[in-house]
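Rule-based calculations on the coordinates, nothing more; no lab input. Worth saying up front: this structure is predicted, and the values here are computed from it rather than measured. Glycine gets a Cβ as well: all are built from the backbone with ideal geometry, and neighbour counts include every protein chain shown.
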Amino acid sequence: MTVEADVRLLGSAEFGATAVIGDDALCQIATTSGFSATSSVAHMLGGFSKLMSLNHPHLCKYVEFVRSAVRMFLISIGPVKLIDAYFTHENSSVSDFISIHNLVYVILNVKNIVGNAGFVISEHYSRSAVEELKECKKLDMARIISLLLPVLSAFTYLHSRHIIIGYFSLNSILLSSQNLVRLAQYGLHSINGSRRNLEYCINSSWYLPPERFLQAEIKSGFICRAGDIWSFGIAALELSIGCLLSEIWSPKQFYCTLIALIRRKRSGSIFRLLLLEIQQKEPNIHIALNNTILLILEKALCILPSQRPTARELLSIINGANSSHSNASKDYGMYGYENDENNLGENTEYMRELLESEETEAVQNLPINEAFFLWKLCGSSIETIFLNYGIIKANPPVLVLPYLVDGDCFMYGNAHIRKYEFTFDIFILPSNNFRDRMKSLNESKFLISFEMEEKTRETYDLSLMVKEKDIEYQGRRMLILRRLLSSYPFKKSLLFCECCHDIPPLYRANLWSALLNIYWDVEKRFIAVDTFSPHISDRQLLVDIPRCHQYDDLMASPTAHHKLKRLLKAWLLLHKNYVYWQGLDSLAAPFLVLNFTHLASAYSCLESFIRLYLHNFFLRDNSSVVQEYLAVFFHLLAFMDAALYAHLSIMDFRPELFAIPWFITCFAHVLPLHKLFYVWDVLLLSDSSFPLFVGLAIMEQLRAGLITTHFNDAILLFSDLPDLNMERLVQYSLTYYNIVPASCTFRQYASKHVREEYAMTHYTITELNEFCCPRISVTDVIRLIEHSSLLIIDVRPQYEYSRGAIIGSVNLPPYGEEDTLDTVKTALMNSQSAGHVVVIVDNEHLQRAKKISRLCVLEGYNRVCILDGGIQKVRSMHDIFCIPA
């Protein structure tokens, strides 16, 4: 998938943040994962994804939903001797103790102190229609229409996508420095879903439609598209009279006035009655309206919702009345990036202005999502900003203690004190630090020429974690990969080369799609699948999905559960030969998180990933595939760490006991998503054998604990994996991948996605388990001979060896009943110190090769393998096969 052509640039915009406070009936105590699966913030986060997918030239772009930590304190109740268990939280410090009857209440202060809250980040402009109205006092009809037209086109677009604005006023109409009109704070009701998730009611008193009067204090009150039309009518009325209704009446006075008018009129429009009330209240207001505005106000201010027109009908009224605005009044009801001609012209004109300006800041040319990503790297915390500026006011932790905490960790009492005081307005996030930091960057680093890049490439020796926090590095990387994505697939090879360095988190979804060979037309196939009808796997999905990656903010939301179910059912329906195995939900989760607003792309990525890396793993009878994979993995462990292999073999502790979840989910079941992304960034650049080396890298980190443990302790270690160093894990995986001969990973059930196809012997699982080390192909042996990086031990009898052998090989013929390595021990030790591969050569049956290789492995010699097919494979290769002198 490519980056969309109509990227919204930051331009003169700022970042606006709106606080949304969740309302849980019973606040749960924070868990160690920091997130409650039943939290209202989880519901809002899932619902927000729909708003992020909206794209219209007259809508302020929603950028991100940033959630706060769960609660400002954690209360632990238990005997004194158990208290230490609660001190391990990395963000906590003990602030107070209350001891009652040997039970200790511990208050832990945590760094993030706004619980159950989220912050909606959007594109914002400081100037609104209210400022223009106050400056001009009286707007002419042409200007009023030029303000209403874009708003109506935005209303039409939102309503066509079943988004209700819900909160609208003249303050919601923002004006950019280029005088573009854009709508803000739209659709925040849609993030609630079907729950009463918000702690407050989103409304503006003077714009509230009659049907919501009596529900003003009800959080999940009735809202509909007709209510948006009423609010639009009030805004149009204010523009027409040149005065805000808030300057004429207080909210209570306005409610009383409207109720009186509704009792008099009962149905139809109350526009003219309201106009008379305004003139009586403010005789100095002079009202002169043309027929178009009068008709809009008459229709929009009808008492009954059913009598109000749709936004499309109001738009057609203005279009029909004033053809001079035909260009500006394009019907955006079916607007999308695929037919955005106006937006293209807007961007072209805007870019021309930027090029002509000598004082253009670099940040103005950044896509708004990139700009906010870099803003966060400057170290700003949104919740800290809100607290410091008094936007949110929280009580001290010691005052919000509940009266009672039951065994299920529910808190009772003081619920009203635990609520926050806040202002539901858009707050402009300070960006001085961000802009100063961007100005200080070396501009030459951002002048990219792909043709000259190889000559001028700079190396960064920083770790991946450090590079992700480096604003200059991330800015440059996002610029490079954004341009390459825009030219995909024509620059596909260059894109792959750049991804080998690292993948910027912001463009991970697009880059993964490119690496998995996903192209544009993926929607039709997905939407043709009936994912709503009952399926045989529904019962198992109902059990597995709510538990899938629940520590992740997004995956905890009901929206994610619904989408994940659709995603899995679509895959099962389109692949009749496969069945649902536990772990498939974890495998699909990374693609869902990255493509949350585009489910078809998530499906295409999942399908391609399974085809490339997990071929036939989800067959109804997958035992042969899985057992072969585990056998090859155990052989590779013997190749890289013979001592650990020997220890596990003596305990009969085989990979079947711990590694099946690793490989059937490509580690998605055992690694948290934020760590899994780093592994898959590299995995997608490698072939289907790479998961084997990731498994080896995990074993390397667990080696210190495994090498001395007994069977039961080893079981416990794998049941609860310790925190893994991801930088080291990825580095070791790549090292193993590069130094192990590719043929050592040969599997007869592997996909075609391999580095090289080898014609090697196929063995049954029983026969494969008789080996204790991997097999190597003749092709790889020849490569090693060319580099003089191997030791060849020919274990055939002396008379067979004398008839012909591989050049440079050492003969270890059988002596008596018991085999020993005494005659080749020196050669083995020299080989080990040099890091060479030890190749055991036998006749085609490989019976003695298996015995000698086992001796080598059990004595701790690494990099031991067996030549597949034996000496017969090389008899015709006269450049490496000869009769020994």
Problem - Per-pair calculated FRET efficiency, R0 = 41 Å: Arg611 and Glu247 via Cβ, rounded to 0.05 - result: 0.05
Handout entry: segment 600-631-segment 632-647 distance, computed between alpha-carbon centres (Å)
Key = 24 Å
Completion exercise
Interchain or sequence-distant (5+) residues whose placed amide H lies within less than 5 Å of the amide H of Ile392 are Leu387
Practice task
Could you pull out every residue, at least 5 positions away or on a different chain, whose amide H is within less than 5 Å of the one on Val63? Hs are placed 1.01 Å off N in the peptide plane, and Pro or chain starts have none.
Solution key: Ile121, Ser122, Glu123
Fill in the blank from the handout: Yeah, segment 523-613 with a ≥ b ≥ c from its alpha-carbon gyration tensor (a/c under 1.5 is rounded, else prolate when a/b outruns b/c, oblate otherwise) is rounded
Completion exercise
Highest mean packing first, using Cβ neighbours within 10 angstrom, the peptides 471-481, 567-577 sort as 471-481, 567-577
Problem - Cα pair distances in segment 662-727, grouped into 10 Å bins until the bin that holds the longest one, percent each - result: 19, 53, 24, 4
Practice task
Would you work out if segment 623-741 is rounded, prolate or oblate? Take a ≥ b ≥ c from the square roots of the eigenvalues of the alpha-carbon gyration tensor; rounded if a/c is under 1.5, else prolate when a/b is larger than b/c, oblate otherwise.
Solution key: rounded
Problem - Convex hull (Cα only) mean projected area of segment 771-882, reported in nm² to one decimal - result: 6.4 nm²
Exercise for the section: Please identify every one of the trypsin sites (Lys or Arg not before Pro) in segment 600-696 that sits in a loop by DSSP and has no more than 16 other beta carbons within 10 Å of its own beta carbon. Expected result: Arg620
Problem - Computed FRET value (nearest 0.05) for Tyr403 with Asn843, which takes r as the C-beta separation and R₀ as 60 Å - result: 0.15
Completion exercise
Computed over segment 523-613, the relative contact order (Cα-Cα under 8 Å, seq sep at least six) in percent reads 31 percent
Completion exercise
Checked segment 442-515 against the a/c 1.5 cut and the a/b vs b/c comparison, axes a ≥ b ≥ c from its Cα gyration tensor; verdict oblate
Exercise for the section: Round to a whole angstrom and tell me the spacing of the C-alpha centers of segment 363-442 and segment 745-775. Expected result: 54 Å
Problem - Difference of contour (0.36 nm per residue) and Cα-Cα distance, Val466 to Arg263 - result: 66.4 nm
Exercise for the section: Based on the mean of other Cβ atoms within 10 Å per residue, sort peptides 154-167, 832-845, 702-715, 243-256 so the most packed one is first. Expected result: 154-167, 832-845, 243-256, 702-715
Fill in the blank from the handout: Taking a straight Cα-to-Cα line shorter than 29 Å from Lys376, and setting aside same-chain lysines fewer than 8 residues away, one finds Lys50, Lys61, Lys111, Lys393, Lys419, Lys439, Lys445, Lys467, Lys469, Lys563, Lys675
Completion exercise
Here segment 562-568 yields Karplus 3J(HN,Hα) values (6.51, -1.76, 1.60; θ = phi - 60°; whole Hz; Gly and Pro given as x) of 5, 5, 5, 5, 4, 4, 5
Completion exercise
Whole-Å distance linking the alpha carbon centroid of segment 522-567 with that of segment 783-811 is 57 Å
Fill in the blank from the handout: HN-Hα couplings for segment 276-287 via Karplus (6.51, -1.76, 1.60; θ = phi - 60°), in whole Hz with x for Gly/Pro, come out as 5, 4, 5, 5, 5, 6, 10, x, 6, 6, 9, 10
Handout entry: Phi-based couplings in Hz for segment 160-169 (Karplus 6.51, -1.76, 1.60; Gly and Pro marked x)
Key = 5, 9, 6, 10, 9, 5, x, 10, 9, 7
Completion exercise
Counting sequence-distant residues (5 or more places) and residues on other chains, those with an amide H built under 5 Å from that of Asp794 are Val810, Asn811, Leu812, Val841
Practice task
Run the numbers on segment 623-741 and let me know its relative contact order in percent, using alpha-carbon pairs under 8 Å that are six or more apart.
Solution key: 28 percent
